[in-house]
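Read-outs throughout are calculated quantities, based only on the coordinates presented, and are distinct from any laboratory measurement. From a predicted model like this one, the values you see are computed outputs, not experimental measurements. Every residue, glycine among them, receives a Cβ derived from its backbone with ideal geometry; neighbour counts consider all protein chains shown.
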Amino acid sequence: MHELKRLLDDRCGSLSWQEAEPALCGYSHTIWLEVERLRCLARVLADSGLVLEFITAVDRGHGLELVYFFSRPAAGWRLKVALRTAEGQPAPSICDIYPVANWQEREVFDMFGQRFDGHPDLKRILLPADADFHPLRHDFQAGEQHDGDHFDLERD
Amino acid sequence: MLRATLTDDTFYLNLGPQHPSTHGVLHLLLRLDGERIVECEPIIGYSHRGHEHMAQQRTLSQFLPNTGRMDYLAALMYNHAYCLAVERACGIAVPPRAEYIRVICAELNRIGSHLLWFGAYLLDLGGITPFLYAFDDREDLLAVLGEITGSRLTYNYCRFGGVARDLNQAFCDGLEAFIPKMRRRLADYHTLVSKNIIFINRTRGIGVVDADTALAAGFSGPCLRASGVDYDVRRAEPYSLYPELDFEIPTGQNGDCFDRFMVRLQEIEQSLRIVEQALERLPEGEVKAPAPQHPTPDPGDYLFTYESARGRVGIYLVSGGGRVPLRMKWQVPSFNNLSVLPSLLPGTLVADTIAILGSIDVVMPEIDR
């Protein structure tokens, strides 16, 4: 862990590590960082043999919080990387570094409308292609307008 | 994306969404050159019901029945995972007897899930007999579980702080008969299938995923272990009783369809061992501790990981301090496991697609949530 910390500081500039209680919240440290440094961090983590478990987002009503969980599977050690994006601000895609990010980023786009720069095929994954809403956003209200017949099922 | 490259001599095949060997409503759009696949695009989401959105609209207790409806073949395990996640976040204690009962049920559920997969996989490959054997065994198992859970598929048996009801005599008798029978049948399965030359030719060396690729693709569960990585959440981040139990983590070497098959069959044996040990040590006492009707975690985020039949389930709970969570993300194993298809399939035959897809053991309602 200390080695990883040193490596990250060397290559991505100093980062703020916050300790967490793994027995309660399931991860050991949190790193909050700016959007611009995500790719650098992902490269270092990939080179150090960490795997990306999943990407998700939390919408508290003032921009999105993107959350990435990386882990060293054999050690049961997990790192949470979080960043904030403003409304409409794209985040860099990391699916060239971690193939697993491809579908994960598509899901975040589908559910939250978050764009990822550099994603080869960023499109909806679970909802129909012609859906005009992102259901996990703070301001989304489920209602009749989103029932099945809203979608054109004959559409090519 | 695939449509844009349409030329006269390309052949497109829509495998699914209504095809029995897509194990639910999976749609694979295949671009073919003769019998060989050039490109594959999985299209998912047909059974998207918005469980994560539902979780943000109700209290943690109200969401409990939803958990069994994601991976319907591992409903008890999802129940168990969700209860453990909420109990850890809210500091709810569980009586030892209840935890033993949960582990017994979860492992029986794992056996049931693997049995259904075993039968369906062989059916995909053209063998009808193993399907009948597997469903016969699974029927016994469902009858046993039905004695205490009251259901056959979408179980809702675990509660915060314990389980819904205690074991009864019918359950114990049924289990006593099931375990030795299952062991005999496992030996039969190996004779019938694992040594069958037709089966070996269909699966050996097909759909090879090496360990590095598997890790980069986010594999977990039997698929990852078949590639030689001995990662199992029950060992890596032990929860519940698993640190006290004696069991092995079966792994493969080649990461092909055959290894994925063998790993699952060996896991049935390991699950039987776990059930036996848990039954032997089953303590007396309560099966349900008092718990708040609507548990409310302190503000913060909580990630709990669990080894389900298909791999690592991650429940990421973000609480704002209210009864209703701000966010509940379900990271499901099949989602990542399936996402490897576009890079794995090109160059293989259409018939191998069925063998590969089946060996990954996807459950579509789990992926679509």
- Quote the convex hull volume per residue of the protein assembly as shown, based on C-alpha atoms, as a whole number of Å³. 147 Å³
- Query: Considering every residue in A:99-108, what mean count of other chain Cβ atoms within 10 Å of its Cβ is obtained?
  - Reply: 5
- Give the peptides B:217-223, B:168-174 in descending order of average Cβ contacts within 10 Å, highest first. B:217-223, B:168-174
- Note on the structure: Ordered by fewest other Cβ atoms within 10 Å, a rough proxy for footprinting exposure, A:Phe54, B:Phe178 read B:Phe178, A:Phe54
- Work out the charge dipole of chain A with +1 on the Cβ of Lys and Arg and -1 on the Cβ of Asp and Glu about the Cα centre, then indicate which of A:Leu66, A:Phe112, A:Ile31 is farthest towards its positive end. A:Ile31
- Shape call, the range B:45-171: gyration tensor on alpha carbons, a/c limit 1.5: oblate
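Quick one: work out Rg over Rh on the C-alpha atoms of the range B:165-222, Rh as Kirkwood radius.
Ratio of gyration radius to Kirkwood radius: 1.23.
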- Query: Which Cys residues of chain B have no other Cys beta carbon under 4.7 Å away?
  - Reply: B:Cys40, B:Cys90, B:Cys105, B:Cys172, B:Cys223, B:Cys257
- Those Cys residues of chain A for which no other cysteine Cβ falls under 4.7 Å: A:Cys25, A:Cys95
- Radius of gyration, Dmax [the range B:234-367; alpha carbons; angstrom]: 19.3, 58
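Got a sec? How would B:Ile200, B:Ile367 order by Cβ neighbour count within 10 Å, fewest to most?
B:Ile200, B:Ile367
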- What nm value, rounded to one decimal, do you get for the distance between A:Glu21 and A:His62 when each label is placed 7 Å out toward the C-beta? 2.6 nm
- Query: Gap in Å between the Cα centre of the range B:305-343 and the Cα centre of the range B:10-61?
  - Reply: 18 Å
- Query: Farthest toward the dipole's positive end in the protein assembly as shown, which of B:Leu64, B:Pro299, A:Ala131, given Cβ charges of +1 (Lys, Arg) and -1 (Asp, Glu) about the Cα centre?
  - Reply: B:Pro299
- Everything considered on the Cα gyration tensor (a ≥ b ≥ c; rounded for a/c under 1.5, else prolate if a/b is larger than b/c, else oblate), the range B:245-311 must be described as oblate
- Straight-line reach from B:Lys329: which lysines have a Cα under 22 Å away, not including same-chain ones fewer than 8 places off? A:Lys80, A:Lys123
- Computed for the protein assembly as shown: size of charge dipole around the Cα centre, +1 on C-beta of each Lys and Arg, -1 on C-beta of each Asp and Glu, debye to nearest 20, value 740 debye
- So what's the gap between the Cα centers of the range A:1-62 and the range B:260-290, to the nearest angstrom? 36 Å
- Contour minus Cα-Cα span, B:Asn196 to B:Tyr12, at 0.36 nm per residue, comes to 62.9 nm
- Divide the volume of the convex hull of the Cα atoms of the range B:275-335 by its number of residues and quote the answer in cubic angstrom per residue. 120 Å³
- Please give the average number of partner chain Cβ atoms lying within 10 Å of the Cβ of each residue in A:66-79, rounded to a whole number. 4
- Query: Excluding same-chain residues fewer than 8 positions from B:Lys195, which lysines have a Cα within less than 22 Å of its Cα?
  - Reply: B:Lys181
- Message: Once R0 is set to 35 Å, what does the formula 1/(1 + (r/R0)^6) return for the Cβ-Cβ distance between A:Arg124 and A:Glu34, expressed as a FRET efficiency to the nearest 0.05?
- Response: 0.80
- Message: Semi-axes of the equivalent ellipsoid for the range A:2-137, please: Cα gyration tensor eigenvalues, times 5, square-rooted, ordered largest first, whole Å.
- Response: 26, 16, 15
- Based on a Kirkwood Rh over C-alpha pairs, give the Stokes-Einstein translational diffusion coefficient of the range B:106-229 at 20 °C and viscosity 1.002 mPa s in µm²/s. 128 µm²/s
- Query: Rg(Cα) of chain B divided by 2.2 N^0.38 Å?
  - Reply: 1.00
